[in-house]
Amino acid sequence: MNTYFKTISVILISILFAQCSRENQFLIEKNRVGKISKENKILEIDAIFAKDSIVKRLSEGDLGGRESKFIQDNDEYLIYSKDGKHLLTIVPTKQHDSTSTIKYVEVMDNRFKTEKGLSLISPFKEINTNYIINKVETSLTSATLYIDELNATLALDKNDIGVNTFSNKEITVEQIPDLAKIKYLTVWFD
């Protein structure tokens, strides 16, 4: 009986650890998104995401002042699951440098979420209830919310807010409807 109890206990503890590990691979925290953190270097991405697919879109390099709208100015590492779902886009602090740390991570999959449940599918009301919005900045097509607690920015489409798309008119937190959706979720590692 005692051996049976020990065996069952070991199995249950193993399942619990496996479940925690699975949940942590999609957890968003300050300076961490899933398996990657502020300390990771670009050269570690292949090992960290060995079970996933990585598309490396490298920038065209320094153009010596010549600029073109067709040339990418940042390296990007796009992480896809084996079934083809875009999980993350990782951008390093320095282009063409494998020892570079990570500048930011753009979350592309709604399985990634914070302890408080914030994910790409969270409506504005959930964001406003659970986090302090430190700043709102407007561009021609979106409003960007700054959340210092996560060192993250959330972009909301102006169409969801009910504001003229090509206006630079300032938007306040009070103007944003509860059901406005997140367009982009970016965690900064600076």
*Tell me, yes or no, whether the range 120-130 has at least one residue that is closer than 13 Å to Leu185 by Cβ, buried (at least 18 other Cβ atoms within 10 Å of the Cβ), touching a residue at least 60 places away in the same chain (Cβ under 8 Å) and not aromatic (Phe, Trp, Tyr).*
yes
*Scan the range 148-182 residue by residue and report those that are modelled with pLDDT of 95 or more, of a type outside the set (A, V, I, L, M, F, W, C) and crowded, with 17+ Cβ neighbours inside 10 Å.*
Asn151, Thr153
*asked:* Among the residues of the range 29-44, are any within 22 Å of Thr186 (Cα to Cα) and modelled with pLDDT under 90?
replied: no
*Output for the range 45-58, where each listed residue is surrounded by 12 or more Cβ atoms within 10 Å (Cβ to Cβ), modelled with pLDDT of 90 or more and part of a loop (DSSP other than H, G, I, E, B)*: Phe49, Asp52
_Tell me yes or no: at least one residue of the range 10-27 is touching a Lys or Arg at 6+ places or on another chain (Cβ under 8 Å) and at pLDDT 95 or above._
yes
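The values are calculated or read from the model by the stated rules, or taken from the named source; none is laboratory data. Note that the structure is predicted; figures quoted are calculated from it, not measured. Heads up, the Cβs are rebuilt from the backbone with ideal geometry, glycines too, and the neighbour counts pull from every protein chain shown.
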